[in-house]
1. How shielded is A:57-66 by partner chains, expressed as the average number of their Cβ atoms within 10 Å of its Cβ atoms?
2. Taking a cut-off of 24 Å, what percent of all Cα-Cα pairs in chain B are separated by more than that?
3. Using a Förster distance of 25 Å, how high is the FRET efficiency between residue B:213 and residue B:154, based on the Cβ-Cβ distance and rounded to 0.05?
4. Which value, in debye to the nearest 20, describes the size of the charge dipole of the protein assembly as shown about its Cα centre when Lys and Arg Cβ atoms bear +1, Asp and Glu Cβ atoms bear -1, and nothing else is charged?
5. Give the long-range amide H neighbours of residue B:30: residues separated by 5 or more places, or on another chain, with amide H under 5 Å away, using H modelled in the peptide plane at 1.01 Å from N.
6. Need one value for B:77-84: mean number of C-beta atoms belonging to other chains within 10 Å of its residues' C-beta atoms.
7. Give the distance, in whole Å, between the Cα centre of segment A:23-45 and the Cα centre of segment B:149-225.
8. Taking only the C-alpha atoms, wrap a convex hull around the protein assembly as shown and report its volume per residue in Å³ as a whole number.
Number of protein chains: 2
Amino acid sequence: MRVLLVEDETAIANFIAEGLEEEGFAVDVAHNGKEGLRMALDNLAEYDLILLDWMLPGASGIEICRAIRKENQTVPVIFLTAKDTVDDVVFGLETGANDYLRKPFAFEELLARMRVLLRSSTGEQNIFSYADIELDVATHRVLKGGKPVELTQKEFALLELLLRNKGKACRRTRIIEKVWDINFDHDTSVIDVYINFLRKKLDVPNQPSFVQTLRGIGYRINDDA
Amino acid sequence: MRVLLVEDETAIANFIAEGLEEEGFAVDVAHNGKEGLRMALDNLAEYDLILLDWMLPGASGIEICRAIRKENQTVPVIFLTAKDTVDDVVFGLETGANDYLRKPFAFEELLARMRVLLRSSTGEQNIFSYADIELDVATHRVLKGGKPVELTQKEFALLELLLRNKGKACRRTRIIEKVWDINFDHDTSVIDVYINFLRKKLDVPNQPSFVQTLRGIGYRINDDA
DNA sequence: AAAGGCTCTTAAGCGAAATTTAAGCAAACC
DNA sequence: GGTTTGCTTAAATTTCGCTTAAGAGCCTTT
């Protein structure tokens, strides 16, 4: 974990830097605003977190924070400053900082707040695909070759079922149960009709269909892509 | 934006809830620990942010926070509490909270800190836009082609939800839950009416609407601008 | 206290789109 | 070649969203 600390008072800078190093962080220190700005912009991708004093000779912490946010929306920034009115805090946070500690602060609290910001958030996705067809359950979107294809509810539900079972056969009775109702009239041709709708929207002309017909059983999307 | 507030002192709870509602949040209040725990776990996915008092009858804020983190790693949690030692703060943050405010706090600071957490859960932004429409969460204003457009709370909340999810489908049930209430009568046409209001205020006559209807699903603002 | 205005919600008719049915045709299997 | 099963199309039916209008609730003004 690499941290950039911009702080002009040497005593405070050393205190924080040493404390963080003991905790296993790699710390770069900038002792004035200009140096801080340069270091931040030169190696922005290298830093996992940035600590900024507000009042600095050369360039203020606010300016540095704005410059950082222009380049990189995600790297966490914490203000450490003696400016302690509510307006200061609000202003600092609106500039793009993720947290704001009023001096004097306890080192332990700084550490705890840094760890909060470093806890990585992992967003998971629910995407199923075959060849150049992609279906995103979360956003309810289907792409074909990168371009959006508008599907109706039933079309989407049917395609989702088939893709979730890629490589496996989907029996007609199971399709009826999952996409339509358990108590759906069993001799109907809705499935055929909807398979036809999907093929019209997703197949490439004069090419084998993306979904195989299993005569007497149901349908299957192959496993090969 | 839907917020769960767990706070046993009625006066404080009302003060915060009303303030947040004026800012356009949908707020659910739990008045003791047990209720808070139940509400949090029952509808965790619906909340965009959770505010917890520490000392509560029934179950402590710490317990609630732990239970939340067991289920969901990402929803932002802020402690609001009179426990003000550094050890308390560190302990609270290590339990999984994202921020910690010592009582008494300024409402403005709470708001600013909430906005920090809400923008980082949606990509570090306070301004959302589509084509010449701009929505600023911080100032609660909407511009169309640079000119201010007056929107009501509900209109604003709906537009914000749609813009935060630009490119994604917003399902009707999700819209009802986020902008109206979790327990809102589900067969109502409020959504249609409000979409209509937004279209009247923001669309260009004889041009496709800024928001697409996804029949049977909900609405979407496209990704292309 | 009444009047007016604003926001939010409900309800109903209309029209368009989605879904289902039905029927004739084509392909596969025996 | 006959039978079964699936494909395709068009028409019938149903659902869903759009649009209006109107009423309830609340706040402000007089």
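1. The per-residue average across the peptide is 0.
2. Roughly 45 percent, once rounded to a whole number.
3. 0.85
4. 2440 debye
5. Residues meeting the criterion, in which the H sits 1.01 Å from N, are B:5, B:6, B:7.
6. Averaged over the peptide's residues, the number is 0.
7. First find each Cα centre; the distance between them is then 43 Å.
8. Taking only Cα atoms, the protein assembly as shown has a hull volume of 187 Å³ per residue.
Read-outs: derived from the displayed coordinates by stated rules, not from any lab. Quantities reported herein were computed from a predicted structural model and do not represent experimental measurements. Every residue, glycine as well, gets a Cβ built from its backbone with ideal geometry; the counts of neighbours run over all protein chains shown.
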